[in-house]
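Following: one structure in C-alpha cells, then a few remarks.
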Amino acid sequence: MILIIDFGSQYNQLIARRVREYHVYCQIEPPNIDTDYIRTLNPEGIILSGGPSSIYEKESPKADKGIFDLGIPILGICYGMQFMVDALGGTVKGAGKREYGFAELIINKNKGLFKDIDKKTKCWMSHGDSVASLPEGFEITASTENTDIAAIVHQERNLYGLQFHPEVEHTPEGKTMLANFLSDVCGCRPEWTMASFAKDSIAEIRETVQDKKVILGLSGGVDSSVTALLIHKAIGKSLTCIFVDNGLLRKDEGEKLKKTLTRHLDINIRFVNAEDAFLKALAGVTDPEKKRKIIGKIFMDVFEDEAGKIKDAEFLAQGTLYPDVIESVSAFGGPTAVIKSHHNVGGLPEKMKLQLVEPLKYLFKDEVRVLGEEIGLEEELVWRQPFPGPGLAIRVIGEITKERLSVLREADAVLLEEIKASGYYRQLWQSFAVLLPIKSVGVMGDQRTYENIVAIRAVTSKDAMTADWARLPYDLLSNISNRIINEVRGVNRVVYDISSKPPSTIEWE
Ligand code: XMP
C-alpha cells in the first residue's frame, strides 16, 4: 500500500491514478495524519504531493517530520520535495518567477527513479520556489536549464525528490519514474486488481454488517447499482434497495432497471411510485435551483418514509466515490479531509441512527465500472452515462408538466436509440435531449405548425468539470433530427448545442 500525503495539489488524484494503474493500492491522507496511524497503515512507500503553497508561508501545510524516521521510502513531488528539504535542514528559495511548462531534464545517472530512461527527457514544471541547498546526505540526480536541483536522492534513507510533476501526461517518462519508485524502491508488487478488491470488499462488508439490515437508495446509475450488487454478494437478503420513481425518469427506465437487476439476482428492491408527489410540488416552478430543492426535499420525505418501514435497519449504504471523499487541502484554510454525504440522502443517517457503508469510497468512476464488470453487473448498467438526480426536470426548461415530460421522454428515447446504434454511446460522457420553453413555426404537408423545439446535447468529458461538444457526424445528427420531428408529436424543430464547458454547463439548467 502507498500513502499519498496531500498538500493540496490539483494533481493529487492523478498521483493516485498512476499508482493504481500500476496495480498498487494507495490512499490519500491530509498532512496532519498522525505518524502512529501511518505505522498502523504500514505503507510500503509514501508520496508527498505538490501544493500551491510556499514552504515559508506561516500557514503552509506541513506533515510531521517524524515520517522521515519511519524507515519507509518517500518520494516528494514539487512542494512535497521542498517540504522534505526544509524539514531535513536544506533551504528553499523563492524563484522570483514561476516556472511553468515543459523543460528538458538532464539526468546524471540512469538508476533509481531514472532506470531505463534516456539521459535527456522532457518534464513538466509548475513551481514558484526552488531548492537552494540540500540537506546532508542528499545528491542531485537531474537538472534543467532553469532549475539546477530538479531531482534529488538520499540513497541510504530511500528519500527521493522531484521538482517537476511525473504524474502528468506532459512528463512522458513520468509513469516509468513512478513505476521505478513503486517496484525498485518500495518493493511493491502489482497485485491490486479489481478481483482482489471485490473479494476484500465483500469480506469487509460481511464483517462490518454481520447479520444486521442494510438500506440502499438505488438510482439506476452505475455507482448505486455496483454498490447494491457488491453488498448483495456479501449479505444477500439482508440488503433492501429502495428505488424512487419520481416521474422524472427517462422512458421505461424504472421497468428496465427492475428487469436488469432482478434477472439474475434474488435482490430485494422496493419500487416506490412517487410521481404525483413530485409533479404536484413542481407545478408552476421554473427556477432551476428551486426545482432542485423541491426534488431533494420530496426525495428525502419519500425515501425516509419507505426506509422507516424497514424495521431494525442499522446501516445505510451509499455509492460515494473517491473524488467525493477527497477534499483537497486549501492553501490557507489548513488541511481538511471531509467526507461529503450523498446529496440525496443527506441527514438520514443521523435521523434514523444509521451507520454508513460506502464500499466504493476509495474508487474512481472508471474503476467502479471495472469492478461492476468484475462482479457480473450487466453491461448496460456498467456503461450507463451519468444521469442527474433531478432527472428530466432540469431538461424540461421552464415549467414542468406531464405532457412536456412526455414529449421530452419520447425525443430523448429516439436520440439514445440512434446514438447507441451508431456506436457513439460509450465515447460520450452524456448525450440527451432538452425541451425548450419556446415554440417555432414549421410546415408539415400543407399545414403551418407552431410547435416545440428540442435541443440535442452530446458532450465528451473526463470528469464533467470541463466538457466539449461532441463532433457527431452530420448524417447521425440528421437521422436524429428527422426521426424526432417525424415520430414525436409536438416537435417541429431540432437544434444542436455547440457550446463547451466552461463557459456553458453540460445541463441547460
Ligand atoms: P453541469 O450542468 O454543471 O453538470 O455541467 C455536471 C454534471 O453533473 C450532473 N448534474 C447533476 N447531478 N444533481 C445531480 O445528481 C444535480 O442537481 C445535477 N446538476 C448537474 C450533470 O448531468 C453532469 O453530469
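Read-outs throughout are calculated quantities, based only on the coordinates presented, and are distinct from any laboratory measurement. In this text the structure is predicted, and so the values were computed from the model without any measurement. Glycine gets a Cβ as well: all are built from the backbone with ideal geometry, and neighbour counts include every protein chain shown.
Each stretch of four or more DSSP H residues adds -39500 (n - 2.57); spread over every residue of the chain, this sum gives -9500 deg cm²/dmol at 222 nm.
Shown here are the Rg and Dmax of the Cα trace of region 126-262, at 24.9, 68 Å. In percent, rounded to a whole number, the relative contact order of the chain is 11, using alpha-carbon pairs under 8 Å and six or more apart.
Note on Asp276 and Met465: the extension gain reaches 64.7 nm, defined as 0.36 nm multiplied by sequence separation minus the Cα-Cα distance.
Over all Cα atoms in region 54-153, the spread is summed up by Rg and Dmax: 13.7, 40 Å. In the calculated pair distance distribution of region 215-293, what percentage of Cα-Cα distances lie above 18 Å? Distances greater than 18 Å cover 46 percent of the Cα pairs. When the pairs Lys259/Lys365; Lys115/Lys175; Lys212/Lys309; Lys122/Lys175; Lys402/Lys501; Lys213/Lys259 are compared against a 20 Å limit on Cα-Cα distance, Lys259/Lys365; Lys402/Lys501; Lys213/Lys259 fall above it.
Computed across region 147-227, the Kirkwood hydrodynamic radius from all distinct Cα-Cα pairs reaches 17.0 Å. The length gained on full extension between His170 and Lys199, counted as 0.36 nm times the residue separation minus their Cα-Cα distance, comes to 6.9 nm. All distinct Cα pairs of the chain go into the 1/r average, and the inverse of that average, the Kirkwood radius, is 25.6 Å.
Arranged by the count of other C-beta atoms within 10 angstrom, fewest first, what order do Val285, Val396 take?
Val285, Val396
According to the Cα-based calculation, Rg over Rh for region 378-503 is 0.97, with Rh computed by the Kirkwood formula.
Listed from fewest to most Cβ neighbours within 10 Å, the set Val407, Val85, Val272 follows the order Val272, Val407, Val85. If the chain linking Arg206 and Lys311 were pulled fully straight, counting 0.36 nm for each residue of separation and taking away their Cα-Cα distance, it would gain 35.8 nm. Does a label point 7 Å from the Cα of Arg157, set along Cα-to-beta-carbon, have any residues of region 82-101 with amide nitrogen under 14 Å, and which are they? Residues passing the 14 Å test: 82-91. Going from the fewest other Cβ atoms within 10 Å to the most, the residues Asp276, Asp148, Asp86 appear in the order Asp276, Asp148, Asp86. Taking the Cα of Glu139, stepping 7 Å toward and past its beta carbon, and measuring to each backbone N in region 148-164: which are under 17 Å? Inside the label zone: 149-162.
Go ahead and collect, in residue order, the members of region 447-480 whose backbone nitrogen is under 12 Å from a label point 7 Å along the Cα-Cβ direction of Tyr496. Once the point is set 7 Å along Cα→Cβ of Tyr496, 456-459, 469-480 turn out to lie under 12 Å by backbone N, inside region 447-480. Our summary gives region 71-207 a relative contact order of 27 percent, counting only alpha carbon pairs under 8 angstrom and 6 or more residues apart. Packing, as the average of other Cβ atoms within 10 Å across residues, places the peptides 436-445, 219-228, 383-392 in the order 219-228, 383-392, 436-445, highest first. Just to verify a number: FRET efficiency for Lys119 and Gln447, C-beta to C-beta distance, R0 = 51 Å, to 0.05? According to the calculation, E is roughly 0.10. Calculate the translational D of region 381-427 in whole µm² s⁻¹ from Stokes-Einstein, where the hydrodynamic radius comes from the Kirkwood formula applied to all Cα pairs, the temperature is 10 °C and the viscosity 1.306 mPa s. Rounded, D is 133 µm²/s.
Which helices, counted as full DSSP H runs in the chain, have an axial Cα extent of no less than 27 Å and a Kyte-Doolittle average of -1.0 or above? Counting only whole DSSP H runs, the qualifying helices are 288-308, 402-422. Remark on Val396: its backbone amide H falls under 5 Å from those of Leu435, a criterion applied only to residues 5 or more positions apart or on other chains, H modelled at 1.01 Å from N. Under the criterion of Cα pairs below 8 Å and six or more residues apart, the relative contact order for region 425-490 equals 29 percent.
Protection proxy ranking for 462-473, 152-163, using the average of other Cβ atoms within 10 Å per residue and placing the highest first: 152-163, 462-473.
Distance between the pseudo-spin-label points of Glu380 and Lys256 (7 Å out from Cα toward the beta carbon): 0.6 nm.
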